[in-house]
Amino acid sequence: MKALELDLSGIRSIVSDGELHALQEKSNEYTAQLHAGTGLGNDFLGWINLPEEITDSEFAEIERAARTLQEHCDYVVSIGIGGSYLGARAVIEALTPTFAAYRREHSAPHVIFAGHNIGEDYLSELVDFLSDKRFGIINISKSGTTTEPAIAFRVLKGLLERQVGRDGARERIIAVTDRAKGALRTLADKEGYKTFVIPDNIGGRFSVLTPVGLLPIAVAGFDIRELVRGAKDMKARVDEGVPFDQNPSALYAAARNLLYQKGKKIEILGNFHPKLHYIGEWWKQLYGESEGKDHKGIFNAAVDFSADLHSMGQWIQEGERTIFETIVSIASPDTELRIASDAENLDGLNYLAGKRIDEVNKMAELGTRMAHIDGGVPNIRVILPQLNAYYIGQLFYFFEKAVGISGYMLEVNPFNQPGVEAYKKNMFALLEKPGFEEESKAIKSRL
């Protein structure tokens, strides 16, 4: 079977083969630390062997729970923020037919996401929409007290219980939470909700191959076994002992660190396939939260081409030369559509008659990469043979393994996120949360 490919030819004018291979020893050292659990953040390394450790019985339990929601619901709200929703949304958005939401009939429930913002209009409109619908809830939170998802769950739980009663709601609520502690665990045990466990040794942004991601993906009707199989096959390609020059995760980590050292402080993840938008959002969290600390780290941004070539494309082509690009490219589309000839040819497109739309798109991609490289923007290319669950699984693990190595090269702990707590402390103080009395007094004196 074909596999993900990494193309570094677009950085050769700035990074030489010699410079790249000079990092081989460090890369091997950091890979060994990840596998031995001797580096920073070693209590959050459960994701490394996860694709090999998921059992058939675990798959089956997730699939049974998904079928229960499918039988009772036309819509399922997956509540979570950050790593508790981005991985699932990335897969679902990538694999769902673009106009499925407009179809009267669909084979699986529509998965809707909530708890990732504090937008009153968003939540109010969601409540209005669901008020006469058959819906269920997957509540994903290790603690059960994270503000954004906790608010959404309180509101939607109340709506569901008003619709079907407390007993009916028990059949339509699944909690993905801590094994033994926390507010959501306490509530789930009290109410008798079906539960799945968020492993203690896997951080949120690495959790897509746990029930955090697999359950919503299964509810949406996609093959979670293929997703994990792709990750498992990629693990073998980037594992400890794989030679550096054959290991795409190690090469990607080394290349981006060399570019960073040469003044390329911003990495833009681009794509030429509209279904990859949330892959970019997932990647932004994985890399931004893993590396942006100790006043170091590449700034991560994502763009959707060719649309963003008519906006951000100007900045990329001629703005400050502190950027490099990583382009995720899909080799083959799922469908075929050709451009017809037109007798009047008023749009001047007859020169494209007979060509597939994807051929035009591929030339837009190649032309863009060449223009950006010529303009001083180094380009890395990640190629997936097709856009399906198997290759998305490969892509996820490729990026996860690379960020572990890259974070160690940067000399930060890639598995914590202390900076995320700063806004929460201020928010709690401003809202006068119990226990924050001194902080409330101090922060209000600044207003």
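The values are calculated or read from the model by the stated rules, or taken from the named source; none is laboratory data. Because the structure is predicted, anything quoted here is derived from the model rather than measured. All Cβ positions, glycine included, derive from the backbone under ideal geometry; neighbour counts span all protein chains shown. What goes into the accessible areas is simple: the full protein's heavy atoms, side chains included, and nothing from ligands, DNA or RNA. Shrake-Rupley method; radii C 1.70, N 1.55, O 1.52, S 1.80 Å.
For the reader, a short list of remarks on this structure follows.
- Relative to the longest principal axis of the Cα atoms of the chain, the long axis of helix 24-36 makes an angle of roughly 20 degrees.
- Solvent exposure of the chain as accessible area per residue, Å², 1.4 Å probe: 46 Å²
- Remark: region 220-268 projects, on average over all directions, an area of 5.2 nm² (convex hull of Cα atoms).
- Solvent-accessible area, 1.4 Å probe, carbon plus sulfur percent, for the chain: 51 percent
- In region 346-447, the trypsin sites (Lys or Arg not before Pro) that fall in loop regions by DSSP, at most 14 other Cβ within 10 Å: 355, 446
- With 30 Å as the limit, the listed pairs 142/262; 284/425; 194/232; 264/401; 235/293; 296/424 have 142/262 beyond it between alpha carbons.
- From helices alone, the chain scores -15000 deg cm²/dmol at 222 nm; the rule is -39500 (n - 2.57) for each run of n ≥ 4 DSSP H residues, then divide by the residue total.
- The chain: C-alpha pair distances exceeding 31 Å, %: 46 percent
- Highest average packing first - 80-89, 218-227, Cβ atoms within 10 Å: 80-89, 218-227
- Among 245-251, 387-393, 60-66, the order from most to least packed when residues are scored by Cβ within 10 Å on average: 387-393, 245-251, 60-66
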